[in-house]
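To keep things clear, I will list the structure first and then write my remarks on it.
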Amino acid sequence: KPCPLCDEAKEVLEPYKRRFILQEVDITLPENSVWYAKYKYDIPVFHLNGKFLMKHQVDIQKFEDQLMKLELQND
C-alpha cells in the first residue's frame, strides 16, 4: 500500500544500494502478523543483517557506521 515514509527512506538509501540488499516486508500481509504486532505504529523500521537498526526515518550516520562495520567484518 502507499507508504510515503517508506518511499522517502528508500530514496535516502538509494546511493547505498550496491552495498546492501534491501528486503521490503509488507507488515499488513497475514504471514507477517508478528512484524505487524511489533511495528504497526513505527514504520518504517530498519534491520541490518538481521538486527534492529532504527525506525521512523533513516539516521544516515548510524546506517553508514553499521554498514561499514559489516563490510570490514566480511573482508
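The values are calculated or read from the model by the stated rules, or taken from the named source; none is laboratory data. Computed from a prediction, not measured in an experiment: that's the story for all the values here. Here Cβ is always computed from backbone atoms with ideal geometry, including for glycine, and neighbour counts include all displayed protein chains. Side chains are part of the model used for accessible areas, which takes the heavy atoms of the whole protein and leaves out ligands, DNA and RNA. Shrake-Rupley method; radii C 1.70, N 1.55, O 1.52, S 1.80 Å.
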Q) Right, Asn74: in contact (Cβ under 8 Å) with a residue 12 or more places away in the chain and open to solvent by 100 Å² or more (accessible area, probe 1.4 Å) or not? A) no
Q) What number of residues in the range 10-44 are over 16 Å from Ile60 (Cβ atoms) and either in contact (Cβ under 8 Å) with a residue 60 or more places away in the chain or not charged (D, E, K, R) (or both)? A) 16
Q) What tally of residues in the range 15-57 results from selecting those that are assigned to a loop (DSSP other than H, G, I, E, B), closer than 16 Å to Pro2 by Cα and either open to solvent by less than 40 Å² (accessible area, probe 1.4 Å) or β-branched (Val, Ile, Thr) (or both)? A) 6
